[in-house]
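Reviewing the structure listed below.
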Protein chains: 4
Amino acid sequence: MIFASDNWSGASERVIAALGDAARKGGPAYGADELTKAVERRFAELFEREVAVFLVASGTFANALSLSAYARPGGVIFAHREAHIQVDEAGAAEFFGGGAKIVGVDAEAGKIAPDTLSAAIARFPAEGFHHGRPVAVSLTQLTELGAAYAPAEVAALAKIAKAAGAAVHMDGSRFANAVAGLGVSPAEMTWKVGVDALSFGGTKNGCIAAEAVVFFDPTRARDAGFARQRAGQGFSKNWFIAAQLAAYLDKGHWLDLARHANRMAARLAAVLRQSNKSRLPFEPDGNEVFAIVETAVDQRLRAGGAMYYPWSPESLPVAERPGPGEVLVRLLTSWQTTADEIDRFAELLG
Amino acid sequence: MIFASDNWSGASERVIAALGDAARKGGPAYGADELTKAVERRFAELFEREVAVFLVASGTFANALSLSAYARPGGVIFAHREAHIQVDEAGAAEFFGGGAKIVGVDAEAGKIAPDTLSAAIARFPAEGFHHGRPVAVSLTQLTELGAAYAPAEVAALAKIAKAAGAAVHMDGSRFANAVAGLGVSPAEMTWKVGVDALSFGGTKNGCIAAEAVVFFDPTRARDAGFARQRAGQGFSKNWFIAAQLAAYLDKGHWLDLARHANRMAARLAAVLRQSNKSRLPFEPDGNEVFAIVETAVDQRLRAGGAMYYPWSPESLPVAERPGPGEVLVRLLTSWQTTADEIDRFAELLG
Amino acid sequence: MIFASDNWSGASERVIAALGDAARKGGPAYGADELTKAVERRFAELFEREVAVFLVASGTFANALSLSAYARPGGVIFAHREAHIQVDEAGAAEFFGGGAKIVGVDAEAGKIAPDTLSAAIARFPAEGFHHGRPVAVSLTQLTELGAAYAPAEVAALAKIAKAAGAAVHMDGSRFANAVAGLGVSPAEMTWKVGVDALSFGGTKNGCIAAEAVVFFDPTRARDAGFARQRAGQGFSKNWFIAAQLAAYLDKGHWLDLARHANRMAARLAAVLRQSNKSRLPFEPDGNEVFAIVETAVDQRLRAGGAMYYPWSPESLPVAERPGPGEVLVRLLTSWQTTADEIDRFAELLG
Amino acid sequence: MIFASDNWSGASERVIAALGDAARKGGPAYGADELTKAVERRFAELFEREVAVFLVASGTFANALSLSAYARPGGVIFAHREAHIQVDEAGAAEFFGGGAKIVGVDAEAGKIAPDTLSAAIARFPAEGFHHGRPVAVSLTQLTELGAAYAPAEVAALAKIAKAAGAAVHMDGSRFANAVAGLGVSPAEMTWKVGVDALSFGGTKNGCIAAEAVVFFDPTRARDAGFARQRAGQGFSKNWFIAAQLAAYLDKGHWLDLARHANRMAARLAAVLRQSNKSRLPFEPDGNEVFAIVETAVDQRLRAGGAMYYPWSPESLPVAERPGPGEVLVRLLTSWQTTADEIDRFAELLG
């Protein structure tokens, strides 16, 4: 009953096999191998347009590399106040942005509202140099609270961002779960609604360490190759990422894995919704389930072997926060979650 | 009627004369001159203890140099969401902190409340590396909204900061006005209540370009000399800052200048309070006056030659914000403000 | 006949199998897994003392993370003018060092001589702040030109470094080949002769992407965990590095692989020495062979399928450089090189 | 007898008076004042073309700001191995360049030769990402050893730089002495021969703290305003630099001051050349005089009150270095040096 995080999962057999095959062969260093080139081309197909792709080994660096392409002296990045780039990456975006500033904005279920974004941006007006200037808006898809932005919602935010001269970045560490959940195409989810750069995640959904930064305007990627190299993520055996992603993207494997995780989340949500020991503050759009559980039940679940994390009640609007004797918890499913795990959880929950 | 900013003021005659005298002489480069050494000693007297002092030419750099002494990978600085370091320094603290993160916290009249600080810090718990870690709390004295923290208020915040392993920085660009307003000693306002590093301002209060970074624990200053040098603020003719500060600190000149500015602010506040065209959302503690003025009156004042800036209504609690037909404005007085200017303003205000 | 680089090799079967096993299991994220902990302990055994170990995925980042532990404002790093950190890492050490300076020093066969180091350091005397200050000396073992520093040579350089307040870093991307070649213990090669931090390489010698930064004084490692995290090399599935290194270090596998590579280099060197078409400017100490070859022969070798790179003649003392009709080339062997490849090369060479 | 450095000098009366006048007035903050605007226009006249000008307070920051405009990930700057940016600025160019690399190249009398530059650049070929890429060549005018590059010499180096994609920066901390010495126009010395950005010095030649960064291609300056602000050199009372430079540039004052310093240097050089106690390794082109002096005489001069610094013999070609019983010394004259000082020096020298 591992619901701690989807990054506690292992890797799919197809990914493992592809990596083993590549590792038996070796090949030209620093991305000059055929596997890397093929995967880069694969992304163009997937997104139905020319793109500049940079394979990297972690989501934190994918975000930092994406955002660094828009960093400039005085640059300000806007993101949800609990965005991964703000509270979970040890300052990577600031560091790789050469001292970029992130301004955290409020949001329900992690989805930033247009008015909130406009107000936050208004604090950095284009007069003189001292305020700095907006350079990027970063949206997490799925959000840190499990919601998916609909394409029209992304479009509305992108319009505001661009009016202020800021690019739009999407942190897609759970991009697969969002695409699977919304039933839209990768293109509809990104550049067609104004996304400029995407952190395309593989690690949480069946890979070992494989992410891709996708720039939809390849001219903005002119420094990214050097930036990746000096970060030590231009690997000599770069095929180790390419092999994973090749298998991941082949024949829709990535979406099959994500659909499974989402189905398991729906099943888990149903269990929690139906129990009189717990309730859902909102419905999951992907593979992240948030629930308010009685404290005693929470203890019983943990004692029984369920692994998951408590979550800050401040993530919820005041009216929806846990009351006395209740806790807010986060449960994640993954491509590796089994129906049996959820059945056991249901039993413990009572 | 210049109430735009105290940094629109010139310099006091004593400061001008001292700078001219030093400039006729010249002397050993890079701070080896006698004037610099004397001023550094003067700060020890002023603060009644051994200190490490670094003269610099701007408040932005004073803040950045102070905070950089506490910067570490993953380090998080907490400050008011409208603090100068957050919205007016083009990302200096992030840059000189090697990619530091500033988290903006809410506050009334710019004064952070203990509970708000605790909640903000709680988002960066000491588990694993991904959250980063609190390294500093920066308090502005006077705040950006003109309030002065009482020593006990600083002490309460310092206690929370230190429990989380964070240092306390005071942005004292208007330190003189705060000391003059509160009637406490520099020591009582700083290290005696837990302040570790101070940006001591001179520029806004009679100097041209003269600030000092004061570290109350000299061992924390071990990198500051090199950090200042590589920032290009270890000046070859360093005596140009020392000469200003020597005159500024001599015979209480700095406090005389600040007291004048504060008196002018009190007089201006009285004018605004008594008019039926305007009201004060809160009383000034120093030389910054915030007022809610009728829009038509605001236009008349400007047309009549009064110079000042509108201010974001979001700086006020919802209940106190300007209503329809009203605007929030900020008016600053300085050591150079005259009673005549205020009388003319009063007349225009009606 | 791949002699282009040892990083063109694949991974050993043991490493592949270990990675597959770990990937089937998954586990707690961000290095909290058992495999990571076990490998960290394994390094203490290997080096016969307490150490602080940080697993990372590339040699470039291993070097940058090591050196960043000693970086301070104004800090100067001394390294061979052709050191990997100077000419092959796109400025990683400067970047992660927050703007560190690398001063390149001359050396024969890549081995810095004590007098040369002393002279280079003397340019950065401890007077005032403007020169900066020495913070580290970085030695490559094997050097970029294939030589191995004997322990006594390291000790002599370390003495000079430390007298100037600088730490000693060893770039051990080919540490295994050096240890195998010299027949000394890892401890004798490092901390016993003054090395403070080691980049311990696995990637070039049978792993896929696995390196370790080893700090012999664990107190200097206090920021490295955060620095690694914000660089995006604190992987969620950190076990992917640990699994590789566990297999690599198990039962001397790493030294067996290196001994094979070295033997193949010796065999290749013998072929080149004995041919009248080529000569060796110096003998290899590990798995890097430099040779001066007739231009026509060089073309024949390449046409026949031998893969290797030309090398800058300026790497050699003037008297030993290739003459007209000759080129300097670099040939690397690896754990994957076969005797058959060398026999075919010998035949082509004639 | 102060020949320690021209930065030990004070400021000219005209500069002091102009600064006093401005300081009595004050004015709009952050460079919105009329004085700043006028000086910015003055530079366009001086250089006979449209330029983008940024006033700053130190030469170190002028260099760093100039070079930062060309900095990119992986970027390499080439400069003389004893250039001020390499050995005297505590790593400013690396820091403000976001981790830029400086490669020091050899040169006689500080003047880089075309072949040496070509060879240094050749180490960073445009293949893959790991070598990084040339972004700038920085030339010091006057060089650190007192020589002036003739315009044709600059042109030859600029051609090589540009062929490699690198910009040309001129560190003109003694630009006035070079222009005065060579008798060419500012335009002929800079953009007409390929210089892209100039650090125009005022501090060493009669100002207190006043330098200007001049970009000859204003489109490259798009980030410089923000970069200056976040460095804390976008001063609130920016007029303090403008006032100095206005007086400095008015009616050729800057060249009059420089011509005086150069004349004093020529007189000092004559004294040293004619004495049998000393000799000149090369003739001065401006206000820097290098001499080889008998050790006993050196001691007598210092005992008699002459202030100057010894210099590293390695700055000279081996054949020209001081022999036993001799030392190499550097003597600088300034706009403030008097003929009397030189007569007294001559007397002491004997």
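The values are calculated or read from the model by the stated rules, or taken from the named source; none is laboratory data. Remember, predicted model here, so these are calculated numbers, not experimental data. Here the Cβ is made from the backbone with ideal geometry for all residues, glycine too, and neighbour counts use every protein chain on show. In case anyone asks, the SASA skips ligands and DNA or RNA and just uses the protein heavy atoms, side chains included. Shrake-Rupley method; radii C 1.70, N 1.55, O 1.52, S 1.80 Å.
For the range B:34-51, the set of residues classified as outside any helix (DSSP H, G or I) and crowded, with 21+ Cβ neighbours inside 10 Å consists of B:Val51 only. Put simply, of D:Lys101, D:Lys37 the only residue that is out of contact with any strand residue (DSSP E or B) (no Cβ under 9 Å at 6 or more places or on another chain) and among the basic types (Lys, Arg) is D:Lys37.
Just wondering, is there one or more residues in the range D:261-269 that are within 14 Å of chain B (Cβ to nearest Cβ) and more than 26 Å from C:Arg123 (Cβ to Cβ)?
Within the range D:261-269 (the criterion being within 14 Å of chain B (Cβ to nearest Cβ) and more than 26 Å from C:Arg123 (Cβ to Cβ)), the answer is yes, since at least one residue qualifies.
Figure legend. Inter-residue proximity from the range A:26-44: first residues away from chain C (no Cβ under 13 Å), second residues open to solvent by 40 Å² or more (accessible area, probe 1.4 Å) and charged (D, E, K, R), beta-carbon distance below 9 Å, spacing 6+ or different chains. Indicated pairs: A:Arg42/A:Asp250; A:Ala44/A:Glu50.
Within the range D:151-172, the set of residues being of a type in the set (D, E, K, R) and either open to solvent by less than 10 Å² (accessible area, probe 1.4 Å) or closer than 14 Å to D:Leu67 by Cα (or both) comprises D:Asp171 only. Starting from residues that are among the charged types (D, E, K, R) and modelled with pLDDT of 95 or more, keep the ones in the range A:318-340 and report whichever is least open to solvent (accessible area, probe 1.4 Å). Within the range A:318-340, the match that is least open to solvent (accessible area, probe 1.4 Å) is A:Arg330.
Filter the range C:1-18 for residues that are facing another protein chain (nearest Cβ under 7 Å) and assigned to a helix (DSSP H, G or I); which is farthest from C:Asp88 (Cα to Cα)? Among them, the one singled out is C:Ile16. Please state which one of A:Leu139, A:Leu157 is in contact with a strand residue (DSSP E or B) (Cβ under 6 Å, 6 or more places away or on another chain) and of a type outside the set (Lys, Arg). After applying the criteria, what remains is A:Leu139.
Restricting the range A:313-329 to residues that are in contact with a helix residue (DSSP H, G or I) (Cβ under 8 Å, 6 or more places away or on another chain) and of a type outside the set (Val, Ile, Thr) leaves a set whose member that is farthest from A:Thr143 (Cα to Cα) is A:Gly325. Yes or no: C:Ala147 more than 14 Å from every other protein chain (Cβ to nearest Cβ), surrounded by 24 or more Cβ atoms within 10 Å (Cβ to Cβ) and not in a helix (DSSP H, G or I)? So C:Ala147 passes the test.
For the range B:287-328, the candidate set comprises residues that are assigned to a strand (DSSP E or B) and aromatic (Phe, Trp, Tyr); within that set, the residue that is nearest to the other protein chains (Cβ to nearest Cβ) is B:Tyr309. The one condition from (1) at pLDDT 95 or above; (2) under 20 Å from B:Gly146 (Cα atoms) that B:Pro313 does not meet is (1). Just one of (1) in a loop (DSSP other than H, G, I, E, B); (2) without any contact (Cβ under 8 Å) to a residue 40 or more places away in the chain; (3) open to solvent by 10 Å² or more (accessible area, probe 1.4 Å); (4) under 26 Å from A:Leu19 (Cα atoms) fails for C:Gly232. It is (3).
A count restricted to the range C:293-306 and to residues that are out of contact with any helix residue (DSSP H, G or I) (no Cβ under 8 Å at 6 or more places or on another chain) and under 30 Å from C:Gly104 (Cβ atoms) stands at 2. Total residues in the range C:267-292 satisfying the condition of being surrounded by fewer than 17 Cβ atoms within 10 Å (Cβ to Cβ) and within 15 Å of C:Asp343 (Cα to Cα): the figure is 4.
Can you name the helices (runs of 4 or more DSSP H) wholly within the range D:56-140 that have at least 2 residues being open to solvent by less than 30 Å² (accessible area, probe 1.4 Å) and more than 14 Å from chain B (Cβ to nearest Cβ)? Counting at least 2 such residues, we get D:114-122.
Looking at D:Ala258, is it open to solvent by less than 20 Å² (accessible area, probe 1.4 Å) and within 18 Å of the chain's Cα centre (by Cα)? Yes, satisfied.
State all residues of the range A:235-253 that are more than 7 Å from every other protein chain (Cβ to nearest Cβ) and open to solvent by 10 Å² or more (accessible area, probe 1.4 Å); if no residue qualifies, say none. A:Ala246, A:Ala247, A:Asp250, A:Lys251, A:Gly252, A:His253, listed by residue number. Residue pairs whose Cβ atoms lie under 6 Å apart, separated by 6 or more positions or on different chains, with the first residue in the range A:127-150 and charged (D, E, K, R) and the second open to solvent by 10 Å² or more (accessible area, probe 1.4 Å), are A:Glu144/A:Glu82.
Total residues in the range A:1-29 satisfying the condition of being surrounded by 16 or more Cβ atoms within 10 Å (Cβ to Cβ) and under 26 Å from the mean Cα position of the chain (by Cα): the figure is 17. If the condition is being part of a loop (DSSP other than H, G, I, E, B) and in contact (Cβ under 8 Å) with a residue 40 or more places away in the chain, then the range C:218-229 contributes only C:Asp223.
Does D:Arg222 qualify as being away from every other protein chain (no Cβ under 14 Å), on the phi < 0 side of the Ramachandran plot, basic (Lys, Arg) and surrounded by fewer than 21 Cβ atoms within 10 Å (Cβ to Cβ)? Taking the combined requirement at face value, the residue does not satisfy it. From the list B:Val195, B:Val184, B:Val179, B:Val214, exactly one residue is more than 11 Å from chain D (Cβ to nearest Cβ) and under 13 Å from B:Leu245 (Cβ atoms). Which is it? None of the others qualify; the one that does is B:Val214.
What do you reckon, is D:Leu268 touching a residue at least 60 places away in the same chain (Cβ under 8 Å) and either touching a Cys at 6+ places or on another chain (Cβ under 6 Å) or over 18 Å from D:Ala346 (Cβ atoms) (or both)? In short, no. Of the residues making up the range A:173-209, those that are touching a strand residue (DSSP E or B) at 6+ places or on another chain (Cβ under 9 Å), open to solvent by less than 10 Å² (accessible area, probe 1.4 Å), outside any loop (DSSP other than H, G, I, E, B) and among the hydrophobic types (A, V, I, L, M, F, W, C) number 8. Of all residues in the range C:271-286, those satisfying the criterion of being outside any helix (DSSP H, G or I), touching a residue at least 40 places away in the same chain (Cβ under 8 Å) and farther than 19 Å from C:Glu144 by Cβ are C:Ser275, C:Lys277, C:Ser278.
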